[in-house]
Amino acid sequence: MCEKTIKVTQWLSNIFGDQPIPHYEVNTRTTEILYQLAECSEARCRDVVLLTEDLEQKAAEYGTEGSYLQELLLEGVGLSTSSLSKTASSYLNALEGSAMALNTKDTSLASYVAAMNDLTADILATEKKNQEMDHELTILRKKLTSALVLRKSLQEDLSKTEENQVVEKARAENRLQNMDFFKAKSEDLKFRIKAAENQLSASRMEPSLSHQALLDLSEKLAKLKQETIPMKKKLESFLDLTPNPSLAQVKIEEAKRELAAIDAELTMKVDMMEIAMPDQHARHMI
């Protein structure tokens, strides 16, 4: 921490020079931030120094190249830069500027061709990369559109689910209230049934006159009625016969006796039910 503080102080002194350093709160956070800024500033300064040295070296190389060309012109043609026309000087300056822009080793045609080829290759590579980026961008746009559509669909489904949840919640509350009502009603019916059973026990009602016994008797009565149906049909078939009157008369008499016995039994059952019901009603009135 002490080393960072010292470095920050030195860096600020170098930045502001003779001017006083502005007041700031010295703590761990500010010291760390200023230390990182100092590190970045020093790294950038080093990069600038290296770049300056590289440019100075290239300038020296171009100066040497220019001196060589001047000597070549002077020896070969007998011309110097001072003796060139204004147009020739502009061409020479353009040639020098092109060499610097293309970052060629010298101003020879081979260097220019190689530099142009490299520049063309860079342009083609950049165009290809741009096409790839455009393709990726198109894919991303399609994915974004699909994602937005899916998001909208999910939001609609969520809204419908929330609405259905509200409805189902209301139904569940209603069913719960109904269930509480049915429970209370069931308890009341159980109590009333128990009271009715106690009342029937106290009145000494015969088991044969109970509701279940009457239901069983009614079922037997219905069954007997069903049993008489085929006998009646059989009797009707005998009535339609004409061959032997005496034999038919015997069969008819037998069928009539059977039917009369069943009707008598049925009448007795009905009379018993009619007798039992008023008696039971009278006992309840008592």
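The values are calculated or read from the model by the stated rules, or taken from the named source; none is laboratory data. Given the structure is predicted, the values throughout are model-derived calculations rather than measurements. Positions of Cβ are generated from backbone atoms using ideal geometry, with glycine treated the same way; all protein chains shown enter the neighbour counts. Only protein heavy atoms, including side chains, enter the accessible area calculation; ligands, DNA and RNA are left aside. Shrake-Rupley method; radii C 1.70, N 1.55, O 1.52, S 1.80 Å.
A few notes on this one:
- All conditions in (1) assigned to a helix (DSSP H, G or I); (2) loosely packed, with under 11 Cβ neighbours inside 10 Å hold for Thr5, with the sole exception of (2).
- Condition check for Tyr24: in a loop (DSSP other than H, G, I, E, B) and hydroxyl-bearing (Ser, Thr, Tyr): yes
- In segment 237-246 there is no residue matching the filter, namely being open to solvent by less than 90 Å² (accessible area, probe 1.4 Å) and at pLDDT 75 or above.
- Test: residue in segment 24-40 that is out of contact with any Leu (no Cβ under 9 Å at 6 or more places or on another chain), within 30 Å of Ser108 (Cα to Cα) and among the basic types (Lys, Arg): no
- Subset of segment 117-165 that is open to solvent by 100 Å² or more (accessible area, probe 1.4 Å) and closer than 30 Å to Leu102 by Cβ - its residue that is farthest from the chain's Cα centre (by Cα): Leu124
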